[in-house]
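S.K.: Supplied in structure tokens, the structure appears directly below.
Here, each number is a calculation from the coordinates, and none is a lab measurement. From a predicted model like this one, the values you see are computed outputs, not experimental measurements. When we count neighbours, we look across all protein chains shown, and the Cβ atoms used for this are built from the backbone with ideal geometry, even at glycine.
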Amino acid sequence: MIGKKVKCYLQRKTRTDDDMGGWTETWEDIKTLKSKMSVSKGNENITYNKETVISTHTLMCNYFSNITEKDRIKIGSNYYDIKFIDNVEQLGVYLKVYVELRV
């Protein structure tokens, strides 16, 4: 079932110098999205290039190119790991992003 539009943040891991010769990793918001979220039936399995991806939720949003499976989505206080990104029908109009809720 498709839900109402939710405000979510695309986050990317970045490294910051710690002034002692090392670095720390933090998550930084890189884009604010309005997307529709739906819960997968059970855990949805997507087979892509013989690799099975398990997702708990699906996000539908307008297309943009700056997203990778190394990023994550933040909605409220919940974080979702991106498992698979689908450019719907390869039209460059919508993205269907399969995510897994982090527990």
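S.K.: Taking only C-alpha pairs under 8 Å that are 6+ residues apart, what is the relative contact order of the range 2-101 in percent? Show your work: numbers first, answer last.
M.R.: Values: 221 pairs, mean separation 25.2, N = 100.
About 25 percent, as a whole number.
S.K.: Could you calculate the contour length gain from SER40 to GLN90, that is, 0.36 nm times the residue separation minus the distance between their Cα atoms, to one decimal place in nm?
M.R.: Here the segment from SER40 to GLN90 would lengthen by 15.8 nm.
S.K.: Anyone know which of GLY21, GLY76, GLY92 comes out most mobile in the 10 Å Cα GNM of the chain?
M.R.: With Cα springs under 10 Å in the chain, the top fluctuation among GLY21, GLY76, GLY92 is at GLY21.
S.K.: When 1/r is averaged over all different Cα pairs and the result inverted, which Kirkwood radius in Å belongs to the chain?
M.R.: That comes to 14.6 Å for the chain.
S.K.: Can you give the longest stretch of the chain with no exposed loop site, where a site means chymotrypsin sites (Phe, Trp or Tyr not before Pro) in a DSSP loop (not H, G, I, E or B) with at most 15 other C-beta atoms within 10 Å?
M.R.: Within the chain, the longest run free of exposed chymotrypsin sites (Phe, Trp or Tyr not before Pro) spans 1-62.
S.K.: Which one of ASP86, ASP19, ASP29 has the biggest mean-square fluctuation once the chain is modelled by GNM with Cα springs under 10 Å?
M.R.: Residue with maximal mean-square fluctuation among ASP86, ASP19, ASP29: ASP19.
S.K.: Name the most mobile residue of LEU91, LEU59, LEU33, meaning the one with the largest mean-square fluctuation, in a Gaussian network model of the chain with Cα contacts below 10 Å.
M.R.: Answer for the Gaussian network model of the chain: LEU91.
S.K.: Still on this structure, please answer the following. Please report GLU69, GLU25 as a ranked list, fewest other C-beta atoms within 10 angstrom at the top and most at the bottom. Before the final figure, lay out each step's value.
M.R.: Details: GLU69 13, GLU25 8.
Going from sparsest to densest Cβ surroundings: GLU25, GLU69.
S.K.: Here's something else I'd like to know. Neighbouring Cβ atoms within 10 Å as the yardstick, rank SER77, SER35 fewest first.
M.R.: SER77, SER35
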